[in-house]
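The structure appears right after this line, and notes come after that.
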Amino acid sequence: MNKTELISAIAASADLPKATAAAALDAFTASITGALQQGNDVTLVGFGTFTVKERAAREGRNPQTGAAIQIAAARLPGFKSGKGLKDALN
């Protein structure tokens, strides 16, 4: 399912115009992104938790030359599914 299909599904499920559903989806993703940028977790009970994971700097290898390279530290988004979502899939 891509973003357009998700907007159509939200519009049909909530009996909303597609433009309103698109605005709601954009607001939802912007809110989660903003919270994660501030270092906060976002928990949707029954669905899951969005978190920020820290990846430490490390040394890697260039696969073509075998030369050592430094890989910078990074903050990555993470998601852990909740019980309700897990139960819906099984």
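May I ask you to derive the FRET efficiency for residue 57 and residue 31 from their Cβ-Cβ distance with R0 = 41 Å, giving the value to the nearest 0.05? Walk me through the intermediate numbers first.
Numbers: r = 30 Å, r/R0 = 0.73.
It comes out at approximately 0.85.
Computed from these coordinates, which is Cα extents along the principal axes in Å: (1) 57, 31, 27; (2) 37, 34, 23; (3) 53, 24, 19?
Label (1) holds the value from this structure.
What 222 nm value per residue comes from the helices of the chain, counting each DSSP H run with n ≥ 4 as -39,500 (n - 2.57) and dividing by all residues, nearest 500 deg cm²/dmol? Present the calculation step by step, with values, prior to reporting the outcome.
Numbers: 3 runs with 39 residues, N = 90.
Mean residue ellipticity, 222 nm, calculated: -13500 deg cm²/dmol.
So for the pair residue 89, residue 76, with labels modelled 7 Å out along Cα→Cβ, what separation do we get in nm?
1.8 nm
Relative contact order for the chain: what is it in percent, counting Cα pairs under 8 Å that are at least 6 residues apart?
Working: 101 pairs, mean separation 18.9, N = 90.
In percent, rounded to a whole number, it is 21.
Relative to the first principal axis of the alpha-carbon coordinates of the chain, what is the inclination of helix 3-14, with its axis defined by its Cα atoms, in degrees from 0 to 90 and to the nearest 10?
30 degrees
Near residue 80, which lysines are there with a Cα under 19 Å away, not counting those fewer than 8 places off in the same chain?
The qualifying lysines are 53.
Any idea what angle helix 18-37 forms with the longest principal axis of the chain, computed on alpha-carbon atoms, 0 to 90 degrees, nearest 10?
40 degrees
Values in this text are rule-based calculations from the coordinates and carry no lab data. What you see is a predicted model; the values in this text were computed from it and never measured. FYI the Cβ positions are ideal-geometry reconstructions off the backbone, even for glycines, and counts take in every protein chain you see.
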